[in-house]
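Engineer: Take a look at the following structure, please.
The values are calculated or read from the model by the stated rules, or taken from the named source; none is laboratory data. Source: prediction; values computed, not measured. All Cβ positions, glycine included, derive from the backbone under ideal geometry; neighbour counts span all protein chains shown.
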C-alpha cells in the first residue's frame, strides 16, 4: 500500500520535477549537467558563454570538460560517485579558453551526486557548478595582505625589507618583481618628493623571479639611468599604482633606450607599477611582471599592490629614520673616540671599536689613551648601559670628564669616584626633568669602566675597575693572564670605593683592555669568551708583532661579524725609560742641600749632553727644592728623566698644595713658582700615598728618545 502511495505521489510531482530541471537548465549563473552511467552528457546548460571556454556539449564525456591533465583524476572520482553513491564536493580550475587569449583561470565549485531509477538501477549522475573565481581571488588578495602584514617590516634594515617585499610578490602575484629605492633610504638622508628624476636616481634594492634572474636585467646594488620625465612616470611617482604592458613600456622609454633591457624581463607581457610613498616622501617603486601565457593584471591587482607597497613604504621609511639615528650616534661616538693607534713614550697603542648591528642600536663603548705628566700614560675603557644617542652622549660626557680629570694626576680610584659622582648627577637631572614633563633621556645613566696608569720609569701600573671585566697582561715571552682586581661597583651606584691594584710590568709587555662585547659574542658565555681571549692574546701579542693588525684580527676572530653589542679592544705595548736616562737623589730636609742639588743637576745634564739646559734647570731645581725644605716634612727626593723631554721631579712628605701667585714689588718672596712656570712648558703637582711630587717638563730638540724597544 505504501509503495503504491509513493508511486502515486511521484507521478503527481513529476511536472514539478520537470519544472525544476527546466529552471536549473535555464540558469546562466550556475551550471547543471546530467549524465548517464557512462558519464556521457545527456543534458547541460554549460555553454561557451557560461564559464568561458568550450562548454559542456550534450553527448560529450563529462571528464573532457576539465583540463587535460586533470581529466583522468576527475573520471576516477566521478566513477567513485557512481559506484558508492557518495556526494562529491570540491573546487576545480577549468580549461584554457579555446581562443588562446590569456584569461584568468576559472575556479568552479562542483557538487556531483548519483541518480537512481525507481527500481534502484544506477542511471547516471547530476553535477551542479558555481563560479567562485572572484571569491577565491578576493580570498587570495586578503591572504596576501595578511602575509604582507606578517612578513614586511620585521627588520629595520632597508635591504632586508625590500627583499621581503620582492619575495612576497613572487610567485603570489607575478613571475618577476623588482624593488627600486632612492639612496636616501640607505643613508638615512631626507628623501625627495619625486624619485628617479633629476639627481634622485633609483637603485635596485631587491629582485625575485620564479626561476633564475635574467642576466641582462638590472641586479641589486646597481643604479638605474634617469627615468623619462613624462606624465606616465610622474603619475606613479606622485603616488598612483598603474597597470601597463610591454608595448607601452617600450614606447615610454623610447627606441634604443637602455631602460628596456634593464627593466623588462624576457617574455614579460603585463606589469604593475606601484610607488613606495610614505609620509609625503618618495622612497622608490616596486614593479611586478607576468609572462605572455599568464592572465594580464587588472585594476584590482593594482589596488592590491598599492596597499602592499604602502605598508612596505612605511617600513622602509622607519628603516631610513633608524639608519639616520644610528649613523648619527655612530658618527658622534667615533668623533669622540681617540685615534685608533698612538706612539707615545710609555707605550704603543692600538684601539678597535666596532658598533653593534643597526637593529640593536649603537652602544656606549669607548676607550681612550691619555698622556700624563712625567712620561706616564692612562689607559681607559668603558661601557655605558643602553643603546642609542643617549648612550653615545653619556659616553662623550664620560670621556670629556676623563680628559679633564686625568691631567690632575689623581690616583685611579679617585678618578673613578669623580666619574661616579658625574653619573649620579646625570641620573638626578634626568629624574628632575622627567618630573617636570621634560624628556632629556633616561638611558645611559650607568656604566662600567677600567682606568689604568702606567709609569715607564718605575715600570709599574696602577689599575682600578668599576664593574668592568679585568684586563689581560701578555708578557714578553708570550704567556697571558688576567690581572686579579678587587673590582668596585659600576659607575652611578655611589657610596662604594674602587680599590687600586698595582703591578710591575716587564718591558714590551702588552696590556689588553676590552668591553664585554669582546668576550660575550657569539657564544654568550663570558667565562668561555675570556678564556678564548686569553688564548688568542698568547698567540697574537708577540713583542715583534704589528699591534694594529693584531688588534683588528683579534676582533674579527673573537666577535660576531654582526654583533649585538658594541665591541671594543685596546692593546698597549709598554715601553720603559732606560736606566741611563734617569737619575735620582735623596737629600735631608736641610737648607744646605740646595747647592748640592744644583751641582748634581749640572753634572747629570753635562753627562747627557744637555749643557744648554743647565742654567734654567738649576734654577728650577733650586726653587722646587727650596720650597720643599721650607714647607714640607721628611727627606726631599730629586729625579731627572731624559726622553723626548726633560722631566724634573721633586718629592716630599707633605700634602700641602703649592700655589702660583703674583708677588708685589715690595714682597720679598712668592716668585718661585712663577719663575718655574715661565722657564718650563708645563708644571704641576700630584699626590701619592705619602706626600706629593712637583714636576716640570722642558722640551729637547735634536735629542733621541730613551725608551726600550
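Engineer: Can you pull out every residue in the stretch 476-500 that is surrounded by 19 or more Cβ atoms within 10 Å (Cβ to Cβ) and over 34 Å from the mean Cα position of the chain (by Cα)?
Structural biologist: 498, 500
Engineer: Which is in the same structural domain as residue 492 (by TED's automatic domain parsing), surrounded by fewer than 18 Cβ atoms within 10 Å (Cβ to Cβ) and at pLDDT below 90, of 428, 445?
Structural biologist: 428
Engineer: Given the structure, is residue 235 at pLDDT below 90, part of a loop (DSSP other than H, G, I, E, B) and within 28 Å of residue 142 (Cα to Cα)?
Structural biologist: Values: at pLDDT below 90: yes; part of a loop (DSSP other than H, G, I, E, B): no; within 28 Å of residue 142 (Cα to Cα): yes.
For residue 235, the condition - at pLDDT below 90, part of a loop (DSSP other than H, G, I, E, B) and within 28 Å of residue 142 (Cα to Cα) - is not met.
Engineer: Picking from 422, 473, which residue would you name as being touching a helix residue (DSSP H, G or I) at 6+ places or on another chain (Cβ under 7 Å) and either surrounded by fewer than 21 Cβ atoms within 10 Å (Cβ to Cβ) or free of Cβ contacts under 8 Å to residues at least 40 places away in the same chain (or both)?
Structural biologist: Result of the check over 422, 473: 422.
Engineer: Another question, then. Out of the stretch 624-642, which residues are under 21 Å from residue 611 (Cβ atoms) and either surrounded by fewer than 21 Cβ atoms within 10 Å (Cβ to Cβ) or at pLDDT below 90 (or both)?
Structural biologist: 639
Engineer: With at pLDDT 90 or above and over 32 Å from the mean Cα position of the chain (by Cα) as the only criterion, which of 535, 509 stands out?
Structural biologist: 509
Engineer: Go through 261, 266, 338 for me and flag whichever is part of a loop (DSSP other than H, G, I, E, B) and out of contact with any strand residue (DSSP E or B) (no Cβ under 6 Å at 6 or more places or on another chain).
Structural biologist: Details: 261 fails: part of a loop (DSSP other than H, G, I, E, B); 338 fails: out of contact with any strand residue (DSSP E or B) (no Cβ under 6 Å at 6 or more places or on another chain).
After applying the criteria, what remains is 266.
Engineer: Return yes or no: is residue 72 assigned to a helix (DSSP H, G or I) and modelled with pLDDT of 85 or more?
Structural biologist: yes
Engineer: Tell me which residues, restricted to the stretch 391-418, are touching a helix residue (DSSP H, G or I) at 6+ places or on another chain (Cβ under 9 Å) and closer than 26 Å to residue 326 by Cβ.
Structural biologist: 391, 392, 393, 394, 395, 396, 397, 398, 399, 400, 401, 402
Engineer: Are any of the residues in the stretch 356-369 over 19 Å from the mean Cα position of the chain (by Cα), at pLDDT 90 or above and over 21 Å from residue 560 (Cβ atoms)?
Structural biologist: Yes: the stretch 356-369 contains one or more residues that are over 19 Å from the mean Cα position of the chain (by Cα), at pLDDT 90 or above and over 21 Å from residue 560 (Cβ atoms).
Engineer: Moving to a separate point now. What's the total number of residues in the stretch 389-421 that are more than 20 Å from residue 329 (Cβ to Cβ), part of a helix (DSSP H, G or I) and modelled with pLDDT under 90?
Structural biologist: Summing the residues that are more than 20 Å from residue 329 (Cβ to Cβ), part of a helix (DSSP H, G or I) and modelled with pLDDT under 90 in the stretch 389-421 gives 2.
Engineer: In the set 681, 666, which member is modelled with pLDDT of 85 or more, surrounded by fewer than 12 Cβ atoms within 10 Å (Cβ to Cβ) and in the same structural domain as residue 589 (by TED's automatic domain parsing)?
Structural biologist: Exactly one of 681, 666 is modelled with pLDDT of 85 or more, surrounded by fewer than 12 Cβ atoms within 10 Å (Cβ to Cβ) and in the same structural domain as residue 589 (by TED's automatic domain parsing), namely 681.
Engineer: Within the stretch 149-171, identify whether any single residue is surrounded by fewer than 17 Cβ atoms within 10 Å (Cβ to Cβ) and over 24 Å from residue 277 (Cα atoms), and answer yes or no.
Structural biologist: no
Engineer: Taking the stated definitions as given, is residue 249 at pLDDT 85 or above and part of a helix (DSSP H, G or I)?
Structural biologist: yes
Engineer: Could you tell me whether residue 114 is closer than 30 Å to residue 49 by Cβ, assigned to a strand (DSSP E or B) and over 33 Å from the mean Cα position of the chain (by Cα)?
Structural biologist: Yes, satisfied.
Engineer: Let me ask something else about it. Looking at 129, 115, 145, can you tell me which residue is surrounded by 18 or more Cβ atoms within 10 Å (Cβ to Cβ) and in contact (Cβ under 8 Å) with a residue 40 or more places away in the chain? Before the answer, list the steps.
Structural biologist: Working: 115 fails: surrounded by 18 or more Cβ atoms within 10 Å (Cβ to Cβ); 145 fails: surrounded by 18 or more Cβ atoms within 10 Å (Cβ to Cβ).
After ruling out the rest, the residue left standing is 129.
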